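The structure under discussion appears below in the form of structure tokens.
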Protein chains: 2
Amino acid sequence: MVSQRGEGETTTTPAEAADKERARAIPEAAVARLAVYLRVLSGMAESGVTAVSSEELSQAAGVNAAKLRKDLSYIGSYGTRGVGYDVEVLVSHIERILGLTRNHSVAVVGIGNLGHALANYGGFPGRGFPVTALFDVDADLVGIPVGGIPVNHIDEITEVCLEREVSIGVIATPPPAAQSVCDRLVSAGVQCILNFAPVVLQVPDNVEVRKVDLAVEMQILSFHVARRADEAASVSVGNNGLGVDGMVIRP
Amino acid sequence: MVSQRGEGETTTTPAEAADKERARAIPEAAVARLAVYLRVLSGMAESGVTAVSSEELSQAAGVNAAKLRKDLSYIGSYGTRGVGYDVEVLVSHIERILGLTRNHSVAVVGIGNLGHALANYGGFPGRGFPVTALFDVDADLVGIPVGGIPVNHIDEITEVCLEREVSIGVIATPPPAAQSVCDRLVSAGVQCILNFAPVVLQVPDNVEVRKVDLAVEMQILSFHVARRADEAASVSVGNNGLGVDGMVIRP
DNA sequence: TACCGCTTGTGAACGCATGCACAAAGTCGG
DNA sequence: CCGACTTTGTGCATGCGTTCACAAGCGGTA
């Protein structure tokens with residue numbers, strides 16, 4: 001890493017400028033873990049813990065200690081050798097890296113069971129994600145507030161999103177509507193989308209999509225159930241020559 | 001791959017036995033994609049499509065064609081060179097690999113907003129995952145059916161799970177309750193858990209946990225919003241020497 | 001001040017996953 | 001029956017992510 005940076009002649013602080021430089025280089029997988037560390041650290045801060053070692057923190061976050069240190073090294077070195085990390089410092093630093101210093105306005109599209117649940121979270125867990133707009137096609141739902149936010153008709157999506165500066169769109173519609181909703185969000189300037197519909201969305205390169213697919217999650221678990229069942233069977237039956245010839249079964 | 005297998009002297013068919021052998025070797029990432037392919041293929045089958053090439057399927061699934069072929073090769077070669085894949089054959093084969101030939105009984109714990117949404121899906125999307133039990137601590141909820149399934153008190157979790165042969169447990173409780181619920185599910189013999197609570201669960205090695213963490217998803221998106229904002233700023237401002245020195249910004 | 005023990009930060013090795021490129025294998029038309 | 005064309009299946013190289021192992025650095029102590 002060269003990490004060479006010039007004279008911070010911008011409106012941002014030098015520290016922030018340095019952050020931005022690093023931000024490019026953080027692996028996607030590490031970003032996801034940083035969010036987890038942040039939650040654990042916040043919990044510790046509330047409990048009055050002021051310092052933590054990589055070993056403790058990694059255990060609480062369920063990862064390898066070396067990996068945790070490497071993840072933290074991506075965002076700069078803020079630990080003290082021989083001591084550990086200052087919880088407060090780490091929390092605010094991760095928050096800055098993850099962009100949690102600003103609020104991100106969220107719009108939820110599709111006020112069915114899931115949409116209701118999302119709207120009722122009332123500002124997403126962990127804060128900083130106020131839900132500012134709800135949309136649905138069903139005219140009967142329009143106007144009635146859910147979780148304190150009124151529902152707009154989906155045709156108003158562009159105006160409302162622009163007006164309320166929505167930066168994250170959440171798609172909780174039935175599958176057939178998802179792509180159309182996605183397109184409308186994109187044309188309303190939304191560049192980040194969280195998709196709950198079991199559909200592969202087609203988007204331009206400049207839009208970031210993350211998907212949460214319950215069916216896929218269930219099927220992955222199903223795969224493991226089946227695998228376990230098979231292993232158990234081939235152990236308990238044991239009257240065949242199958243599954244041997246040097247196969248290693250994890251203990 | 002050696003793929004040498006003996007005389008299938010079991011109750012299962014030779015084809016199934018062969019599947020089980022392969023199942024061990026499938027990379028986790030590929031399993032997730034197989035579930036996606038399955039959904040796309042099911043849609044095609046309903047539309048009357050009978051054959052598909054790796055190119056078409058990969059595009060519909062949003063992945064590289066070579067990767068798709070490699071994924072399919074993990075589960076055995078069922079395509080015809082020069083032609084492509086038979087949709088029906090592929091569907092039933094992936095279903096077998098993912099263990100979807102059996103039903104997997106699902107229990108949902110925590111009947112809040114999210115729990116309601118999950119219960120009301122009424123058998124999970126894609127089928128094969130009947131929700132057979134609901135649990136909550138709140139005595140007021142007990143007995144009242146949600147989505148046609150009565151709610152049991154959480155203290156009954158062990159008996160009910162054993163009785164109804166629950167193979168997948170879904171945790172939709174508030175964070176503080178999650179670990180306790182998880183422990184009870186495990187002691188009721190549940191080996192696969194889908195966790196919606198923002199908590200790192202501690203489980204024995206023989207239990208498979210997958211987590212869906214909305215806060216983390218939002219924060220990853222937030223990170224990308226921030227990154228975009230920075231890039232836009234450094235382009236539009238352009239009065240500093242930052243962010244240059246050979247840095248490649250993706251087009 | 002000099003030493004000792006502890007913890008960070010990171011270079012280097014390893015392993016997994018992705019993508020390329022091509023041979024093998026099949027179909028279709030003549 | 002043969003040759004041209006199409007598409008699969010896979011060996012190989014590349015890149016990313018994880019893990020190991022250790023030097024560098026810091027606080028505490030005599």
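At a glance:
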{"read-out": "Residues A:Q202 and A:S53, FRET efficiency given R0 of 60 Å [Cβ-Cβ distance, rounded to 0.05]", "value": "0.85"}
{"read-out": "Rg/Rh ratio calculated on Cα atoms of the range B:14-97 (Kirkwood radius)", "value": "0.93"}
{"read-out": "Cβ nearest the rotation axis (A onto B), residue from chain A and distance to the nearest whole Å", "value": "A:A117, 2"}
{"read-out": "Position A:P175, label points 7 Å along Cα→Cβ, spacing to each other copy in nm (shortest first, one decimal)", "value": "3.4"}
{"read-out": "Copies compared at B:R164 - label distances in nm, ascending, label defined 7 Å from Cα in the Cβ direction", "value": "3.6"}
{"read-out": "Area projected by the alpha carbon convex hull of the range B:27-160, averaged over all directions, nm²", "value": "9.8"}
{"read-out": "Where labels lie 7 Å past Cα in the beta-carbon direction, separation of B:R81 and A:E156 in nm", "value": "6.1"}
{"read-out": "Copies compared at A:N103 - label distances in nm, ascending, label defined 7 Å from Cα in the Cβ direction", "value": "4.7"}
{"read-out": "Summed residue charge, Cβ within 13 Å of B:T132's Cβ, Lys/Arg positive, Asp/Glu negative", "value": "-1"}
{"read-out": "Net charge over other residues, Cβ less than 12 angstrom from the Cβ of B:E88 (K, R count +1; D, E count -1)", "value": "-3"}
{"read-out": "Paramagnetic label zone (point 7 Å from Cα along Cα-to-C-beta, A:E165; backbone N under 11 Å) in the range A:97-117", "value": "A:102-105"}
{"read-out": "Added length on full extension, which subtracts the Cα-Cα distance from 0.36 nm per residue, A:A45 to A:A65", "value": "5.2 nm"}
{"read-out": "Within 10 Å of each Cβ in B:109-117, the average number of Cβ atoms from other chains", "value": "4"}
{"read-out": "Approximate spin-label separation B:D138-B:E28, in nm, with each point projected 7 Å along Cα-to-Cβ", "value": "3.4"}
{"read-out": "Neighbouring partner chain Cβ atoms per residue of B:208-214, average, 10 Å criterion", "value": "6"}
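Bear in mind these aren't lab numbers, they're just calculated from the coordinates by the rules spelled out. Just so it is clear, the structure is predicted and the values come from calculations on it, not from any experiment. As a convention, Cβ positions derive from the backbone with ideal geometry for all residues, glycine included, and neighbour counts pool all protein chains shown.
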